[in-house]
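Data first, discussion second: the structure below is written as structure tokens.
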Amino acid sequence: MNGPGRLIVTAPPPQGRYGEFGGSFVPETVVPALQELEAAAVEALGDPRFLADFYGLEAGYAGRPTPLHHARRLSERAGRPVWLKREDLLHTGAHKLNNALGQLLLAKRMGKRRIVAETGAGQHGLATATACALLSMECVVYMGREDMRRQAVNVAKMNLLGARVEPVGDPAATLKDATSEAIRDWVTNVRDTHYVIGSVVGPHPYPWLVRTLQSVIGSEARAQMLELAGRLPEVVVASVGGGSNAIGIFAAFLEDSDVKLLGVEAGGRGPEPGAHGASLGLGTPGVLHGSRSYILQDPDGQVLPTHSISAGLDYPGVGPEHANLMATGRASYVALDDRQAVDAFHLLTRLEGIIPALESSHAVAAALRLTDGKGPILVCLSGRGDKDLETVLGREPA
Amino acid sequence: MSSPGDAILAALPRSGGEPRVCPYLMAGFPDPETTADLLLAAEAGGGALIEVGIPHSDPLADGPTIQAAGRQALARGMTTRVALAQVAKARTRGLRVPVVCMTYLNPVAQFGLQEFCQAAAAAGVDSLLVPDLPLEEMDELEGAASRAGLALCTMVAPTTPDRRLAMAAARATGFVYCVSRTGVTGTGEPTEGAALLERVRALSDRPLVLGFGVRRRAQVVSLSGLADGVAVGSRLVEAAGEDDPSAAVREVVAELCGRPELTRGPRRGPAPDREAR
């Protein structure tokens, strides 16, 4: 295929609602900024010059389209064809750059001069720091201390790119705490600062905006399946932390009612509270970081700690559109644990010569466990695993 | 016929003079059982209305002081139910001033909006203030509060355009909380407060309370003729963290009110009298 896939641009859902989920639950200080952002995004996404700038960067800088790889040895293992959408080959090593480039172009257009972001695995922080270097913006990235420890290489890269990485919270702090702190910074500096949220979470219009920018993954993958496999996949599989790579690839298949959609959450160490990140599988409806979705919480509405070997899935919430896709039955969600993800990490590395991110390893692991059907599986390989080597190699043999 | 906001209107009269002091206390800080004592201490120091914060794991509008207090309260077992029980206890011990419960949406949503409003009203709470509930999302809580006889306060910020200011003021059955600058609680100076108060005043006759960044007597005085009340949070939470929390809270409130004589009056509650500090 020539050139990057097209964005799937929909009207923003009224009041940011996806069924009973979504909305905008934030302090008044930033409400006007969110309304401006929605208006600016609608206007930009309808402007051919904005889209040309975006597609130009995606093609010439980020490396789109990313390949669709027919994983033959993995297919033998699965007993059916497996296709990998290679977002791991995007510049900076994950799908996160699609969103960062789009939001940075939008922030420039809105006259902002400063960018804040949160990061878990460091991939969104790295993508944002990269886009800020390219487009000459001041960049502050909030990151939990625990994540800074386990993703030290990404911290070093962000610093090299000129971003300031702000450590958040106590030594156990992860993505949830970083997100809260990024929102507090934004509330304080809202007049000249744009908050580049990294997933399809947060208050409206973010879930819609990030979905739109990540839909490039799905529109490419769908066209590539038709071109290379000669048919649509039977199942699309993607990992879900906040859920942006999953929504990005699902977006192109929502109308294809024969295509099953499967999201894979972090099963962590097991189903006990605090030991996993399976918000959809084990959570309940609640409000976190500005939207109503499934969250991991105690009966008093206090958000619970989480665990996953994969920093990017170590989050107690999930995008509201996923909550609604689960409620309507259009997508289903499973959780796989740390060990299953690490096994899939090794397997893909040996069978295909691709070292996947631990987030994406969850999706690979789930694809190999599918028992229904014989048709092709499309897996979103959302990122590469360089950042996870220390975690995997330092792991005690199970 | 009385309406839910009457007690707040009475506590924050429009005098054109010095604004009344509205102390904020984090329920459960320093520990769950002292909250009733601290409410009474804040009233004894001259507080005209008391804001009680319900601790939450993810308080987006709060700075480091109140975040840390909330974490400690939760770690020591504070819950929404215990917080309301402490308000009820303070009422049975004679607390007279209005109590405004400041809480994020999720703890209330998990309690059940209607159940929470009924329980809060039964405990002696007069009004609610929910900082992560913007006007667009307010309908359901508004109905629940009204049915329970609770007033609802609304928040406005320096970034709020006039059209929204008018909407926020029209929907407040309690006071309008005016955020003194872009930011979170407890950090920075209330630099944009006066301009915001003037804008809201032109649109509304509700009581106006200014908060965020107010911690000194001189700041209270400087808002004379502009605000009807000033909310003081982080400074009071710091006081609640001292060795004798009741004495410290009472002393700080009295100082903010410019009424040093209230520091040493006859003391209610279990804290021993101190002659000097």
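The values are calculated or read from the model by the stated rules, or taken from the named source; none is laboratory data. Note that the structure is predicted; figures quoted are calculated from it, not measured. Backbone-built Cβ (ideal geometry, glycine too); neighbour counts: all protein chains shown.
Here are a few things to note about the model shown:
- Residues in region B:170-184 that are at the interface with chain A (Cβ under 7 Å from one of its Cβ atoms) and free of Cβ contacts under 8 Å to residues at least 40 places away in the same chain were compared, and the one that is surrounded by the most Cβ atoms within 10 Å (Cβ to Cβ) is B:Val179.
- For B:Arg71, the criteria (1) without any contact (Cβ under 8 Å) to a residue 24 or more places away in the chain; (2) at the interface with chain A (Cβ under 10 Å from one of its Cβ atoms); (3) within 17 Å of B:Ile50 (Cα to Cα) hold in every case but one, which is (3).
- Scanning region B:153-162 turns up one or more residues that are part of a helix (DSSP H, G or I) and in contact with a helix residue (DSSP H, G or I) (Cβ under 8 Å, 6 or more places away or on another chain).
- Unmet criterion (only one of (1) of a type in the set (Gly, Ala, Ser); (2) more than 14 Å from every other protein chain (Cβ to nearest Cβ); (3) surrounded by 22 or more Cβ atoms within 10 Å (Cβ to Cβ)) for B:Ala83: (2)
- Hits in region A:1-40 (condition: away from chain B (no Cβ under 14 Å) and in contact with a Ser or Thr (Cβ under 8 Å, 6 or more places away or on another chain)): A:Gly5, A:Arg6, A:Leu7, A:Ile8, A:Val9, A:Thr10, A:Gly19
- Cross-chain or 6+ apart pairs with Cβ under 7 Å, region A:376-396 first and basic (Lys, Arg), then at pLDDT below 90 and part of a helix (DSSP H, G or I): A:Lys387/A:Val153
- Residue, surrounded by the most Cβ atoms within 10 Å (Cβ to Cβ), within region A:178-192, restricted to residues that are in contact with a Phe, Trp or Tyr (Cβ under 8 Å, 6 or more places away or on another chain) and at the interface with chain B (Cβ under 10 Å from one of its Cβ atoms): A:Thr179
- Filter result for the condition that a residue is part of a loop (DSSP other than H, G, I, E, B) and not small (Gly, Ala, Ser), over B:Leu95, B:Leu84: B:Leu95
- Test result for A:Gly46, at pLDDT below 95 and either within 23 Å of A:Ile249 (Cα to Cα) or small (Gly, Ala, Ser) (or both): no
- Whichever residue in region A:2-36 is in contact with a helix residue (DSSP H, G or I) (Cβ under 6 Å, 6 or more places away or on another chain) and at positive phi and, among such residues, is surrounded by the most Cβ atoms within 10 Å (Cβ to Cβ): A:Gly22
Conditions tested, residue by residue: (1) closer than 18 Å to B:Leu12 by Cβ; (2) within 14 Å of another protein chain (Cβ to nearest Cβ); (3) at pLDDT below 95; (4) part of a loop (DSSP other than H, G, I, E, B).
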site: B:Ala168; (1), (2), (3), (4): yes, yes, no, no
site: B:Thr187; (1), (2), (3), (4): no, yes, yes, yes
site: B:Thr191; (1), (2), (3), (4): no, yes, yes, yes
site: B:Ala227; (1), (2), (3), (4): yes, no, no, yes
site: B:Ala231; (1), (2), (3), (4): yes, no, no, no
site: B:Leu236; (1), (2), (3), (4): yes, no, no, no
site: B:Glu242; (1), (2), (3), (4): no, no, no, yes
site: B:Val249; (1), (2), (3), (4): no, no, no, no
site: B:Gly269; (1), (2), (3), (4): no, no, yes, yes
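- Single residue of B:Leu113, B:Leu135, B:Leu141 found to be within 14 Å of another protein chain (Cβ to nearest Cβ), surrounded by fewer than 23 Cβ atoms within 10 Å (Cβ to Cβ), more than 26 Å from B:Asp228 (Cα to Cα) and of a type in the set (A, V, I, L, M, F, W, C): B:Leu113
- Members of region A:292-314 that are of a type outside the set (A, V, I, L, M), within 17 Å of the chain's Cα centre (by Cα) and under 22 Å from A:Thr212 (Cα atoms): A:Ser293, A:Tyr294, A:Gly312
- Unique match (being more than 14 Å from every other protein chain (Cβ to nearest Cβ), crowded, with 24+ Cβ neighbours inside 10 Å and in contact with a Leu (Cβ under 6 Å, 6 or more places away or on another chain)) among A:Leu74, A:Leu57, A:Leu126: A:Leu74
- Just one of the listed residues (A:Val9, A:Val82) is modelled with pLDDT of 95 or more and within 18 Å of A:Glu321 (Cβ to Cβ), and it is A:Val9.
- Flag for B:Leu152 being farther than 18 Å from B:Leu12 by Cβ and either crowded, with 18+ Cβ neighbours inside 10 Å or within 11 Å of chain A (Cβ to nearest Cβ) (or both): no
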